[in-house]
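Peer 1: One structure coming up, written as C-alpha cells, with questions to follow.
The values are calculated or read from the model by the stated rules, or taken from the named source; none is laboratory data. Nothing here was measured: the structure is a model prediction, and the numbers come from that model. Cβ placement follows ideal geometry from the backbone for every residue including glycine, while neighbour counts extend to all protein chains displayed. Please note that ligands, DNA and RNA were not included when accessible areas were found on the heavy atoms of the full protein model with its side chains. Shrake-Rupley method; radii C 1.70, N 1.55, O 1.52, S 1.80 Å.
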Amino acid sequence: MQMSRLSFRSAFCFLLLLTSVLVGCHRHLDAIPSNLTKVALQADWYPQPEHGGFYTALVKGYYREEGLDLIIVPGGPFAVASKQVASGAAQFGMDSSDHVLEGVSEGEPLIAVAATMQRDPQGIMVRKDSPVLSFPDLDGHTVAVKAGSTWFEFIVKRYHLDRVRAIPATYSVANFVADPQYIQQAFATSEPFFARKAGIETRVLLTSDAGYNPYRVMFTSQDFLKRHPEVVAKFVRASLRGWRDYLNDPTVANAAIMKLNPALNPEWIQFSWQALRDGHFVTGDDPSGSQLGQMTPERWATMSQQLADLKMLPKFTDPATAYTLQFLQTSR
C-alpha cells in the first residue's frame with residue numbers, strides 16, 4: 001500500500017527475517033506435535049489497521065480458544081500470498097477476490113472462505129480542488145498506478161479513457177504533494193492521511209463506485225480445505241470475531257500492530273481505523289453488521305465476468321470453484 005512505510009532495502013530484510021522464522025516450520029501441519037494446531041496467515045502487507053481484526057483475534061486469544069496456534073506473517077512488495085498458500089508455505093492468506101479468480105484460472109488451487117472487506121478501499125486520489133470530479137474526467141490526464149492493475153484496466157475500458165496515460169506508482173505521496181496536477185492510486189484508508197499531514201486535502205474516487213468492487217478475502221488452498229475443514233471453520237470463526245471487536249474497540253490490536261510496524265504512529269493508525277468504519281469497508285452498508293464476512297454468488301459471478309471481459313482469465317473458470325460459503329452461516 002505505502003512503500004514509504006519502510007525503506008525498500010530495510011523492508012526486504014524485515015520481510016526475509018520474519019518469513020524465514022515464522023513460516024519455515026509450518027510447511028507440514030500434520031508433522032508438528034502440539035496440543036494446538038499450528039497455522040500461518042500470510043498477510044498482504046506490513047502490519048497495519050487494515051489487518052486489525054486478525055490481530056485482535058490473535059492478541060485476545062480467539063485463535064487459541066479455537067485450538068489454533070496462529071502466526072501472522074507480514075507481507076510486502078516481495079511476498080505474494082497466493083503463492084505462499086498454493087505452495088503450502090502458509091495455510092491462509094489475505095488478498096482480493098479478483099486476484100483469487102485470476103489465480104484459480106492460472107491453475108493455483110485457491111479458495112476464498114470469508115470476506116474481510118465488503119467494499120474495496122482501492123481508488124484514485126486527486127486534490128480536493130482538482131477538476132477531476134469523476135472517472136470520465138481522467139481522460140487526458142496522467143495517473144500513477146501499479147503496472148498491470150486490473151482495476152485500472154476496468155476503469156479505462158468502462159469510461160473509454162483513450163487519452164489517459166499511466167506511469168509507475170511510487171508507493172509514496174511525495175510526488176502528489178510536490179505537483180498539484182499529480183494523480184495517483186491510493187487506499188482511502190491510508191494515502192489521504194499523508195497528504196493531509198502535508199496540508200493537502202484530497203478526494204478518492206473509489207473503484208467500487210465505478211462498479212469494480214472485489215471483496216477483500218481470507219483464503220486457503222483446496223487441498224488444505226479438503227483435509228482440514230474443521231481448522232478452516234475455526235480460523236474463520238475466530239477471525240470474524242476479531243473483526244467485530246476491532247471495529248468497536250481497536251485499542252489492543254493497534255498497540256500490537258504499532259510494536260510490529262514501528263513506521264506507524266497513533267495518529268496514522270487512528271485515521272485508518274476511522275476510515276474503515278466511516279467507509280463501511282468491512283461491514284458493508286447494513287448497520288446491523290450482518291454482512292460481516294459474508295459473500296454472495298452474484299458478486300463472485302459479476303467479478304468473474306468483468307475479468308473475462310478484460311481477458312484477464314487465461315481459461316474459463318467457474319467462479320463457484322473459487323469460494324465457499326460453508327463456513328459463514330455459523331460465523332455471524
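Peer 1: What's the magnitude of the charge dipole for the chain around its Cα centre, counting Lys and Arg as +1 and Asp and Glu as -1 at the beta-carbon? Answer in Debye, nearest 20. Please report the intermediate quantities before stating the final value.
Peer 2: Details: 31 positive and 32 negative charges, 112 e Å.
Once rounded to the nearest 20, the dipole reads 540 debye.
Peer 1: Need the list of aspartates and glutamates near K311 for cross-linking: C-alpha distance under 12 angstrom, and skip anything on the same chain fewer than eight residues off.
Peer 2: Filter leaves E102, E153.
Peer 1: Along the charge dipole of segment 182-331, Cβ charges K/R +1 and D/E -1, which of P192, V236, F271 sits furthest on the positive end?
Peer 2: It is V236.
Peer 1: Can you tell me the accessible area per residue over segment 247-332, all protein chains present, probe 1.4 angstrom, in square angstrom? Mind showing how you got there, number by number?
Peer 2: Details: 4580 Å² over 86 residues.
Accessible area per residue: 53 Å².
Peer 1: Quick one: plug the Kirkwood hydrodynamic radius of segment 99-160 (C-alpha pairs) into Stokes-Einstein at 37 °C, 0.692 mPa s, and report D in µm²/s.
Peer 2: Numbers: Rh = 14.3 Å.
In µm²/s, the coefficient rounds to 229.
Peer 1: Evaluate 2.2 N^0.38 Å with N set to the residue count of segment 96-206, then give the Cα radius of gyration divided by it.
Peer 2: On the way: Rg = 15.3 Å, N = 111, 2.2 N^0.38 = 13.2 Å.
Against the compact-globule rule of thumb, the ratio is 1.16.
Peer 1: When we measure straight from the Cα of K259, which lysines land under 26 angstrom away, once same-chain ones fewer than 8 places off are left out?
Peer 2: Straight-line reach from K259, under 26 Å: K38, K60, K197.
Peer 1: Ranked from highest to lowest mean number of other Cβ atoms within 10 Å per residue, what is the order of the peptides 51-64, 240-253, 128-141? All intermediate terms of the calculation are to be shown ahead of the outcome.
Peer 2: Values: 51-64: 23.0, 240-253: 19.6, 128-141: 14.1.
My ranking of the peptides, most packed first, is 51-64, 240-253, 128-141.
Peer 1: Report the charge-dipole magnitude of segment 148-196 in Debye, nearest 20, computed about the Cα centre from +1 at each Lys and Arg Cβ and -1 at each Asp and Glu Cβ. Don't jump to the answer; show the numbers that get you there.
Peer 2: Values: 5 positive and 4 negative charges, 26 e Å.
Rounded to the nearest 20 debye, it is 120 debye.
Peer 1: Separation between the V80 and R163 pseudo-spin-labels, each 7 Å from Cα along Cα→Cβ, expressed in nm?
Peer 2: Label-label distance for V80 and R163, simple model: 3.7 nm.
Peer 1: Could you tell me the extents of the chain's C-alpha atoms along the three principal axes, largest first, rounded to whole Å?
Peer 2: Per principal axis, max minus min of the Cα coordinates gives 60, 45, 41 Å.
Peer 1: Hey, another quick one. Taking each pair of different alpha-carbon atoms in segment 191-288 once, compute 1/r for the pair, average those values, and report the inverse of that mean as the Kirkwood hydrodynamic radius in Å to one decimal. Please list the in-between numbers first.
Peer 2: Working: mean 1/r = 0.0614 Å⁻¹.
Taking every pair of different Cα atoms in segment 191-288, averaging 1/r and inverting gives 16.3 Å.
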